[in-house]
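For reference, the structure is listed below as structure tokens.
The values are calculated or read from the model by the stated rules, or taken from the named source; none is laboratory data. Bear in mind that the values here come from a model prediction, so they are computed numbers and not experimental data. Positions of Cβ are generated from backbone atoms using ideal geometry, with glycine treated the same way; all protein chains shown enter the neighbour counts.
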Amino acid sequence: MSKKLNLLVVGSGGREHAICKSFNESQNVANVYCAPGNSGMVSTGINTVDISELNFKDLADFAVENQIDWTFVGPENALVAGITDYFRERKLAIFGPNKFAAQLEGSKDFALKFMVKHNIPTADYQTFQSTAEAISALADFSVPIVVKADGLAAGKGVTIAGSKADAQNVIGEMLANGEHQIVLEEFLTGPEYSLFVVVNGTDFQILPMAQDHKRAYDDDEGPNTGGMGAYSPVPQLSKKDYQEMISKIVEPSINGLNKDGFDYHGILYIGLILTDHGPKVIEYNVRLGDPETQVVLPRLKTDFAEVIDNCINDIKMKQLEIDSQACLGIVLAAKGYPHAPVKGQLLPDFGKRLGISIDYANVTAKDNRLYGNGGRILSVVALQDTLSNAQIKAYEYIDSLDFTDCYYRKDIGKKALK
Ligand code: AMP
Ligand code: GLY
């Protein structure tokens, strides 16, 4: 790269904070802007810009006025709504799939059809627009039954129904509440993994693997959330199973995208369950995971800004270099999250501590202090020589702080360290 880059990241969560920080560390980057960003980002040298992630016109105007070299899109809502198509029309460089390709996350039925077409292992499923038809098809499924809203639902569109009566109720509610179609799926059992692929057409690189903790409470109890903590690497996953994920899922997915003419330039997040019959896809997302990004990017030794810059300029990506250190992140959530999160709690001062970083998400600032603003507030992330030490360090730190109206899981990383 000859001149230093000005970059714009779209989004406002902990994921975007981690992305911005990793871009900011690059020797090749002059300025990192984040729109809309959050108040916690400012202390780490990120310039927040008060434009919402769905206001494409103002974002593009900002990119022109501030000589942004390229834009990286964090969240799915902007991608599904077509930010990439809009920026391309305005001849602005952007990394993220177009509106057509973003349906892989925006419609469960679209994604499942793609998997079936390309022989990618997934759950047995059927799609319905009518409540009566869905209910009569329940006879074909054994419990538990997975009921999914077809469209984007921010982690709230999936119910695991323990009985057919529960499934009936959920089907009725989803279709009555504006969802135009739903999917019934076979329930898969096994550990879940998050696999992120940087895709530039036919060229791709795989980021370090992570595991999220989707349920709100310890031992995977309680409601589904956006994710309560994550760690990377995942030592419990054997080399053989990982190789099978690559050959049976990653490669056919990338080949399928190319065969079908998706023109995919962005992240492909593959959510997997390792079943007794091998790995199966439970979902595609068209973006990085949150809170997985917070533990994946710190392990990347290759300059992430350069990886994306190569994609933008159609230069073949280099093999990624991964740090042997381990990273573990604990999400601090508002009391009541995910159903009724409490807002406005004063957060403690996070002093600088070696090996610990804070990725802010839902926070606001007043008189130089940060307050929680609902949902997932921040992640405490530790990078250490081993996963066990990362877990010890992250918990030592978070346990030493005084919080009101917040909670966090006490068992992040437990499955890897048993
Ligand atoms: P999704 O929004 O598709 O990622 O689903 C949210 C969560 O529901 C996943 O992370 C899984 O824990 C669970 N889930 C989704 N689909 C299935 C399935 N077919 N079998 C078992 N669990 C599932
Ligand atoms: N952590 C799960 C997700 O980003 O969808």
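Residues that are under 15 Å from Pro233 (Cα atoms) and out of contact with any Gly (no Cβ under 7 Å at 6 or more places or on another chain) within region 293-319 comprise Thr293, Val296, Leu297, Pro298, Arg299, Leu300, Lys301, listed in sequence order.
From the list Leu257, Leu347, the one residue that fits, being touching a Phe, Trp or Tyr at 6+ places or on another chain (Cβ under 8 Å) and either free of Cβ contacts under 8 Å to residues at least 60 places away in the same chain or within 16 Å of ligand 2 (Cβ to nearest atom) (or both), is Leu347.
The strands (runs of 3 or more DSSP E) found entirely in region 337-412 that carry 3 or more residues being in contact with an Asp or Glu (Cβ under 8 Å, 6 or more places away or on another chain) are 376-384. Looking at region 110-125, is at least one residue more than 23 Å from Tyr264 (Cβ to Cβ), surrounded by fewer than 16 Cβ atoms within 10 Å (Cβ to Cβ) and under 27 Å from the mean Cα position of the chain (by Cα)? Checking region 110-125: at least one residue is more than 23 Å from Tyr264 (Cβ to Cβ), surrounded by fewer than 16 Cβ atoms within 10 Å (Cβ to Cβ) and under 27 Å from the mean Cα position of the chain (by Cα). One residue stands out in region 59-89 among those that are under 23 Å from Val29 (Cα atoms) and surrounded by fewer than 20 Cβ atoms within 10 Å (Cβ to Cβ): the one that is nearest to the chain's Cα centre (by Cα), namely Arg88. Specify the residue that is nearest to Asp314 (Cα to Cα); the eligible residues are those in region 24-48 that are of a type outside the set (A, V, I, L, M) and crowded, with 24+ Cβ neighbours inside 10 Å. Here the answer is Cys34.
Filtered by the rule that a residue be in contact (Cβ under 8 Å) with a residue 12 or more places away in the chain and either more than 18 Å from the chain's Cα centre (by Cα) or away from ligand 2 (no atom under 15 Å from the Cβ) (or both), region 260-269 gives Asp260, Phe262, Asp263, Tyr264, His265. Among the residues of region 197-224, those that are surrounded by fewer than 22 Cβ atoms within 10 Å (Cβ to Cβ) and either closer than 30 Å to Lys335 by Cα or free of Cβ contacts under 8 Å to residues at least 24 places away in the same chain (or both) comprise Met209, Lys214, Arg215, Ala216, Tyr217, Asp218, Asp219, Asp220, Glu221, Gly222, Pro223, Asn224. A Cβ distance below 6 Å, combined with a sequence gap of six or more or placement on separate chains, defines the contacts here; from region 17-40, residues that are closer than 23 Å to Arg376 by Cα and free of Cβ contacts under 8 Å to residues at least 40 places away in the same chain reach residues that are of a type in the set (Asp, Glu) and surrounded by 18 or more Cβ atoms within 10 Å (Cβ to Cβ) in the pairs Cys34/Glu16.
Restricting attention to region 281-290, the residues that are in a strand (DSSP E or B) and of a type in the set (A, V, I, L, M, F, W, C) total 2.
Within region 310-323, the set of residues being surrounded by fewer than 22 Cβ atoms within 10 Å (Cβ to Cβ), of a type outside the set (A, V, I, L, M) and either in contact with a strand residue (DSSP E or B) (Cβ under 7 Å, 6 or more places away or on another chain) or touching a residue at least 12 places away in the same chain (Cβ under 8 Å) (or both) comprises Asn310, Asp314, Lys316, Lys318, Gln319, Glu321, Asp323.
I'd like to know if region 264-280 contains one or more residues that are touching a strand residue (DSSP E or B) at 6+ places or on another chain (Cβ under 9 Å) and either modelled with pLDDT under 95 or part of a loop (DSSP other than H, G, I, E, B) (or both). Yes, region 264-280 contains at least one residue that is touching a strand residue (DSSP E or B) at 6+ places or on another chain (Cβ under 9 Å) and either modelled with pLDDT under 95 or part of a loop (DSSP other than H, G, I, E, B) (or both). The condition (being within 23 Å of Ile377 (Cα to Cα), of a type in the set (Gly, Ala, Ser) and assigned to a helix (DSSP H, G or I)) is satisfied by just one residue among Ser43, Ser52: Ser43. Restricting attention to region 270-310 and to residues that are within 16 Å of ligand 2 (Cβ to nearest atom) and of a type in the set (Gly, Ala, Ser), the residue that is nearest to the chain's Cα centre (by Cα) turns out to be Gly289.
Residue-by-condition table, conditions (1) among the acidic types (Asp, Glu); (2) within 13 Å of ligand 1 (Cβ to nearest atom); (3) over 20 Å from Ile249 (Cβ atoms):
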position	(1), (2), (3)
Gly278	no, no, no
Asn285	no, yes, no
Gly289	no, yes, no
Pro298	no, no, yes
Thr302	no, no, yes
Ala305	no, no, yes
Cys311	no, no, yes
Lys318	no, no, yes
Asp323	yes, no, yes
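Considering each residue of region 138-154 in turn, none proves to be touching a strand residue (DSSP E or B) at 6+ places or on another chain (Cβ under 7 Å), surrounded by 14 or more Cβ atoms within 10 Å (Cβ to Cβ) and in contact (Cβ under 8 Å) with a residue 60 or more places away in the chain.
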